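Here the structure comes first, spelled out in structure tokens, and everything after it is commentary.
The numbers here are math on the coordinates, done by the rules we state, and not lab data. Computed from a predicted model, the values in this text were never measured in an experiment. Note: ideal-geometry Cβ built from the backbone for every residue, glycine included; neighbour counts use all protein chains shown.
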Amino acid sequence: MDLNLANETLPDECWKVVGIWGDRLCPELAEYVHCRNCPAYGVAGRQLLDRPPPLDYLDEMTERVAHIPDVVDQHPLKLLVFRVGGAWLALPSMVIEKTLAPAPVIPIPGRSNRHFLGLVNTLGELRLCLTLEHFIESESESESLVPMARVFPRMLIVKLEGDRWVFPADEVIGTLDWQSQQLDSVPSNLQRSQRGLVSGLFVYGGRRVALLNEKRLARLMMEALA
């Protein structure tokens, strides 16, 4: 094959006709073994790179460079989603120590109230048991999550500000990763009615879920014991 490399005329994609991707009858294969080693293939590659850009190339590249990519949180929030009454709630999974089957609660005369239920035996230890039901206003108008075959009430052991508490949950969905930038801010009227307990809102499975502020929750639980 007589290649005029000085003129660098693009071969008619001979590698697809008589070359390694064709019928392999090219006599140059005896010397170069593969089309990648052939000068004709190199000439075609240079002409491909040197070809004039398409008319809309600059506009397309300008649009790509100008586009602000979505920011991905490298450290997403790990949350446990659960339901108390008609309210769907979430807490950081790091404060959840255990989820247990429901256990009897022993009321304390003169101390139990609508927040503080009493004592519960969890794994051989008596823990203070409170309910979140009266701390949070439910979102009964929201659409429900996809119904599950069976709903299992649970008791959650949480560690808040160094203290351990137990509270019942009517349903526990499980843990999920959530991007912090996907949290909605809390409207001022809801912030007031929830006493600063809700730090953010998000929609999961058709339900609006309230992310609880664990520090504020710890203070409210301590106030419930007073």
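Pulled fully out, how much extra length does the chain show between Met61 and Asp23, if you take 0.36 nm times their separation in residues and subtract their Cα-Cα distance? Intermediate results must be reported in sequence, preceding the final value.
On the way: separation 38, 0.36 × 38 = 13.68 nm, distance 3.93 nm.
Gain on stretching Met61 to Asp23: 9.8 nm.
Under 5 Å from the amide H of Gly200 lie the amide H atoms of Leu211, each residue being 5 or more positions distant or on a separate chain, with H modelled from the backbone and absent for Pro and chain starts. Of the residues Tyr32, Tyr57, the one with the fewest other Cβ atoms within 10 Å heads the list, and the complete ranking is Tyr57, Tyr32.
Between Glu133 and Glu97, the simple label model (points 7 Å from Cα in the Cβ direction) yields a spacing of 2.5 nm.
From the Cα gyration tensor of the range 14-66, with a ≥ b ≥ c the square roots of its eigenvalues, which class applies: rounded if a/c is under 1.5, or else prolate if a/b is larger than b/c, or else oblate?
prolate
Here's the list of lysines a cross-link from Lys98 could span, going by alpha-carbon distance under 24 Å and ignoring same-chain residues fewer than 8 apart: Lys78, Lys159, Lys215.
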